[in-house]
Amino acid sequence: MGRERLERYSLVGPDSRAAVDAGLASADWYRSAVPRKRMKELMRRSDGPAVRDTTLWLGLMVVLAGVGTLFWGSWWCVPFFAAYGVLYGSASDSRWHECGHGTAFRTRWMDEVVYQIASFMVMRDPTASRWSHTRHHTDTLVLGRDPEIQAMRPARLAKLLANFVGLVDVPVAMRLMVLHVVGRLSAEEADYVPETERPKVFRTARIWFAIYAVVIASAIVSGSWLPVVLVGGPALYGRYMLYVYGLTQHSGLGENVLDHRLNTRTVRMNVINRFLYSNMNYHVEHHMFPMVPYHRLPELHEEIKGDLAPAYPSIWAAYRELVPAVLRQLKDQSYYVRRELAPGATPFHEPSAVNDGRALPLIPA
Amino acid sequence: MPQWIPACATDDVDPEDVIPFDHAGESYAVYRSPDDVYYATAGHCSHERELLCDGLVMGGVIECPKHNGRFDYTSGKAMGAPVLVDLRTYPTKVEDGTVYIEVS
């Protein structure tokens, strides 16, 4: 069902060229008006919040892994590794994201160190994924251009559900790592990773491959799963929160639009979830103004909320909308959730019929 | 032939900030460093056609507002992914409270 439409998401298919020809690639996107002086305040960098949050993140992991290891062999280790796994397999995603943007810290090398650590944990090559995410920001939910669309139309439900425990992401990451070890890229990566950047991809893959070889050898020699539970394994058993959070970002919303208010959600979350997710629940704000550090996003939200659709009050509220939408899109791929903006907000930026959130075919059948 | 064009008054740019300047169909970015030296570069990021005047100036660095690519605006040097191509820079001078840039 919908196989032909799924092919439209390919970065190396005919829709990729059609999107460029239709002016959907590298287009001008809507941004809410924020006075320059205020925006400069919000963009300003500092090390303090990210040093605090990174220390807490890594410190908790060390403590939880230590206690879990002490209890290894008994059921008492399970809650400690369950928490450790979420910090490793899920919280690493938003650290990868923030440090990839270079906004988490003021000090560049701190950003880079945390980016490398988080990339390893979340199993994304730091170079290739930086370029992938760059494209995601340029062409958010543009068919044939955005490499990071999670819930397509129709959604590949089995893949989405399996990925709550990394059953697709992790094998794909391993396959790509081996491909990179031998000095090759996938066809899609070759579309967005420049030639000059590719040696970095291959070097990282060889280092990671060596690390995983040591982990597996340790497990075999010791006759214990513990090394795998500590390194690599959490990308499977601790990955579910990455998807719980990540699916709220864009699922069920408009495609081929040029206004993030049509394809992105802002969801209110409690302090624990915001720590684990580095405030990425303020996702409309992040896409409009990626220069604003994660710790200033709540202030940015207050600044522009009058120009947005109301924020979802909870993760639950977001899922109450997105699950039925994604299920309806299994049968009707022109359906998408179109929200009402706040009274007085600037109307949606829809410069042409091509920017219809239904993403009707660009290429005549 | 190169010519000096008045771009803005010195007070038009805050210290450690950038403003746009358009001339003859071209866009430029005019910077004022924290120590009150003026610089000028091409107005758009070399990665994608994004105006740098909406970006963040930190010391001698301008960060593009779209993908956070960073340039040394004093030399135009691209400082790493996703910007790989240097920015074009233009000579500047200040006379009687006006910033001039030399364009060809």
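The figures follow:
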| read-out | value |
| --- | --- |
| Span per principal axis, largest first, for the Cα atoms of region A:177-297 (Å) | 52, 38, 27 |
| Translational diffusion of region A:308-365, µm² s⁻¹ [Kirkwood Rh, Cα pairs; Stokes-Einstein; 37 °C; 0.692 mPa s] | 241 |
| Evaluated at q = 0.16, 0.19, 0.20, 0.25 Å⁻¹: base-10 log I(q)/I(0), Debye formula over Cα of region A:91-176 | -0.70, -0.95, -1.03, -1.29 |
| Accessible carbon and sulfur surface of chain B relative to its total accessible area, %, 1.4 Å | 46 |
| Long-range HN-HN contacts of residue B:80 with modeled amide H, under 5 Å | B:70 |
| Accessible area of residue B:86 in the full protein assembly, 1.4 Å probe (Å², nearest 10) | 90 |
| Extension gain (nm, one decimal) between residue A:4 and residue A:216, 0.36 nm per residue minus Cα-Cα | 72.3 nm |
| Delta accessible area of at least 50 Å² on complex formation, residues of region A:113-137, 1.4 Å probe, chain isolated as reference | A:131, A:134 |
| Surface/4 estimate of mean projected area, convex hull on alpha-carbon atoms of region B:3-103, nm² | 5.6 |
| Protein-only accessible surface order, largest first, of B:103, A:271 at 1.4 Å | A:271, B:103 |
| Taking chain A and dividing mean pair separation by its residue count, relative contact order in percent (alpha carbons under 8 Å, at least six apart) | 24 |
| Over the protein assembly as shown: helical MRE at 222 nm, DSSP H runs n ≥ 4 each giving -39500 (n - 2.57), nearest 500 | -13000 deg cm²/dmol |
| Long-range amide H partners of residue B:56 with built H, under 5 Å | B:63 |
| 20 °C / 1.002 mPa s Stokes-Einstein diffusion coefficient of region A:248-365, Kirkwood radius on C-alpha pairs, µm²/s | 142 |
| Area accessible to solvent at residue B:93, 1.4 Å probe radius, in Å² | 60 |
| Cα-based helix-to-principal-axis angle, A:108-122 vs chain A, degrees rounded to 10 | 80 |
| Probe 1.4 Å, accessible area per residue of chain B, Å² | 45 |
| A:5, A:296, ranked by accessible area, largest first (probe 1.4 Å) | A:296, A:5 |
| Rounded to 10°, Cα long-axis angle of helix A:315-331 versus longest principal axis of chain A | 70 |
| Cross-link reach list, aspartates and glutamates versus residue A:331, counting only Cα pairs under 18 Å and skipping chain neighbours closer than eight places | A:4, A:7, A:255, A:321 |
| Size of chain A as Cα extents on the principal axes (Å, biggest first) | 62, 45, 41 |
| Area buried, chain B against chain A - accessible surface, total, 1.4 angstrom probe, square angstrom | 2000 |
| Residue mean of other protein chain beta carbons inside 10 Å, A:163-174 | 0 |
| C-alpha long axis of helix A:91-101 to longest principal axis of chain A, angle in ° | 60 |
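The values are calculated or read from the model by the stated rules, or taken from the named source; none is laboratory data. Note that this is a predicted model, so its numbers are computed, not measured. When we count neighbours, we look across all protein chains shown, and the Cβ atoms used for this are built from the backbone with ideal geometry, even at glycine. What goes into the accessible areas is simple: the full protein's heavy atoms, side chains included, and nothing from ligands, DNA or RNA. Shrake-Rupley method; radii C 1.70, N 1.55, O 1.52, S 1.80 Å.
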